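**Student:** Just dropping this structure here.
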Amino acid sequence: MKFSEMLYKRPDVNAYINRVNKLIEKVKNAKSYEEQLSAHKEFTALSDKISSMSTIAHIRNTMNTEDDFYDREKDFFDENSPLIENSTAEFYRAFVSSDYRKQLEEKLGKLLFENAELELKAIDPVIIPDLQEENRLVSEYIKLIASAQLDFDGKKLNLSQLRLYMESPDRKTRKDAYKKRTEFFEENKVKLDDIYDKLVNVRTNMAKKLGFENYVELGYIRMGRNCYGPKEVSAFREQVKKHMVPLSKKLNEKQRERLGLKKLTFIDSLLYFKDGNPKPKGTPEEIFKAGQKMYGELSSETSEFFRFMLENELLDCLSRKGKASGGYMTYIPDYKSPFIFANFNGTSGDIDVLTHEAGHALNGYLAKNIEISEYRTATMETCEVHSMSMEFFTIPWMKMFFGDRVEEYKYMHLASAVNFIPYGCAVDEFQHEVYMNPDMTPNERKNLWKRIESEYQPDLDYEDDPFFGNGGRWQAQTHIYSAPFYYIDYCLAQTCALQFRNLMSEDYKAAWEKYLSFSKKAGTMTFTELLKTSKLRSPMDEGCVRDVCKGSEEAIEQIEI
Ligand code: ZN
């Protein structure tokens, strides 16, 4: 069904809770495991229905944040989603305590129960007011960032539209654009500090109420992490410091030489080539057409998938006034439809949407028929492997988008993949420190960021920028506000995607088959089990980052620019 034809109706939350309560009774009074299985099936249908409504409302709200109707629906879900989640949790609480658990595990697999037990640790009615407060604060941050209406180049621009100017080949334009961005953050400095401070407090409160020492453990549970903890992540970050940071420094030095600058500063970091970064050619329509050709040729699975997306209006990629910033992929269970949201701005980022978000969406499409709904989605780092690897699998078609600048695109894409990982690790280490020391003042948090940033990006120079140069960079990173500890996932995934890239240069077809089978398994296994079954190395294992760096550096050197 076309997205525009999908019906939205505000769900009756009380009726939902009542029906779930009946199913909980059914589970508790069951005389056989079959009865419980049937309750589970009914529960899945109910939960798919309500999540379809909330997803449709979310998509339509982000498509036009000025539409009052969906703005109210968003508030409605902000207010009610903790109640819905609580009811869901109650169902699982009854389900995992079943006397027939052994038989149920045989039918449904152990992982479903392990994941549910983990999630239950993070849920208790006593934190519902905190969750509601957290939702309100996150929405406030997102609204604040989206409210940017910057006067630039005779236009009114939002932050994502400004980005085009931040990678301008003209240094003066870049400088002005960065200055504009800084002005916006300076103006909103107090609000940004205040929202974050409240978020740290409310999250710490929740953790304490649930019996945790601080928010770190709870944050990991809320990310559904079932196979590694802070210790393994910290080991990964150490490897990055040792191997990826020096490589990234080398790449920055080459960038400085290419740009012919005495010194590379933060306003040059997005510009890879003196004449400007390679930009995709053609209108958005032509880009979609080329995308269709690309996925048509890549494999029969991708061909069918992309046709489905286009035919059902499941892509909204053009930037418009009032549209929320950023990009995401989501899934509407009742219509078995992935949805891709983005803000095209004429940069190569537009093509990343077609590859990255499409990698997520393909996974949604491939996993739609996994019978047990809990296994249709994987944990976030696994999902990012789907998307970030797709960026590399589609490289052979990039000539269609970048023409004679395709080699430069390849270079920029690979170099930015490498450069990203140290930054992402800084975001992660920062959050560990923040939540372990929740009483820090906003100023202390900025100093902390400065220190961590200097370890991961030692050559970063902010000139005399009053906001970003004073430890404010993290306040432009949505995830730090909206989804704590969801950032290392990108770094772990990028490391896996770079592994796939190394495999591709040996045997593309074999690497693709491996990828397809990895993606098809979706959430049926934990991240580390998936890697093991696919004979990929875990980024947290000693030596993995070193080898990935070696392969990437060799590949970068071979690109003729
Ligand atoms: Zn992604």
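**Student:** Has the stretch 469-491 got any residue that is under 21 Å from Arg181 (Cα atoms) and of a type in the set (Lys, Arg)?
**Tutor:** yes
**Student:** Related question: Which residues, counting only those in the stretch 189-208, are surrounded by 20 or more Cβ atoms within 10 Å (Cβ to Cβ) and over 27 Å from Asp124 (Cβ atoms)?
**Tutor:** Leu192
**Student:** Okay, next question. Counting just the residues of the stretch 349-403 that are assigned to a loop (DSSP other than H, G, I, E, B) and within 16 Å of the ligand (Cβ to nearest atom), which one comes out least open to solvent (accessible area, probe 1.4 Å)?
**Tutor:** Per the stated criteria, the residue is Thr394.
**Student:** Please enumerate the residues belonging to the stretch 117-151 that are among the acidic types (Asp, Glu), open to solvent by 40 Å² or more (accessible area, probe 1.4 Å) and at pLDDT 90 or above.
**Tutor:** Glu117, Glu119, Glu133, Glu140, Asp151, listed by residue number.
**Student:** Does the stretch 506-528 contain at least one residue that is part of a loop (DSSP other than H, G, I, E, B), more than 15 Å from the ligand (Cβ to nearest atom), crowded, with 23+ Cβ neighbours inside 10 Å and under 19 Å from the mean Cα position of the chain (by Cα)?
**Tutor:** Yes, there is a match, as at least one residue in the stretch 506-528 is part of a loop (DSSP other than H, G, I, E, B), more than 15 Å from the ligand (Cβ to nearest atom), crowded, with 23+ Cβ neighbours inside 10 Å and under 19 Å from the mean Cα position of the chain (by Cα).
**Student:** I would also like to ask the following. So which of Gln475, Gln494 is part of a helix (DSSP H, G or I), more than 16 Å from the ligand (Cβ to nearest atom) and buried (at least 16 other Cβ atoms within 10 Å of the Cβ)?
**Tutor:** Gln475
**Student:** Here's a follow-up. Run down Ser319, Ser325 and say which single residue is surrounded by fewer than 20 Cβ atoms within 10 Å (Cβ to Cβ), within 16 Å of the ligand (Cβ to nearest atom) and over 23 Å from Met1 (Cβ atoms).
**Tutor:** Ser325
**Student:** Spot the failing condition for Leu259; the list is (1) surrounded by fewer than 18 Cβ atoms within 10 Å (Cβ to Cβ); (2) modelled with pLDDT under 95, and only one is missed.
**Tutor:** For Leu259, the failing item is (2).
**Student:** Take the residues of the stretch 332-348 that are of a type outside the set (Gly, Ala, Ser) and within 16 Å of the ligand (Cβ to nearest atom): which is nearest to Leu37 (Cα to Cα)?
**Tutor:** Within the stretch 332-348, the match that is nearest to Leu37 (Cα to Cα) is Pro338.
**Student:** Here is a list of conditions, (1) part of a helix (DSSP H, G or I); (2) over 30 Å from Leu104 (Cα atoms), and Asp439 meets all of them except one; can you say which number that is?
**Tutor:** So Asp439 meets the others, but not (1).
**Student:** Only one of these conditions is not met by Tyr411: (1) hydroxyl-bearing (Ser, Thr, Tyr); (2) under 22 Å from Phe266 (Cα atoms); (3) within 16 Å of the ligand (Cβ to nearest atom). Which number is it?
**Tutor:** (3)
The values are calculated or read from the model by the stated rules, or taken from the named source; none is laboratory data. Computed from a predicted model, the values in this text were never measured in an experiment. Methodologically, a virtual Cβ is constructed for each residue, glycine included, from the backbone with ideal geometry; neighbour enumeration extends over all protein chains shown. We work out accessible area using only protein heavy atoms, side chains counted, and drop any ligands, DNA or RNA first. Shrake-Rupley method; radii C 1.70, N 1.55, O 1.52, S 1.80 Å.
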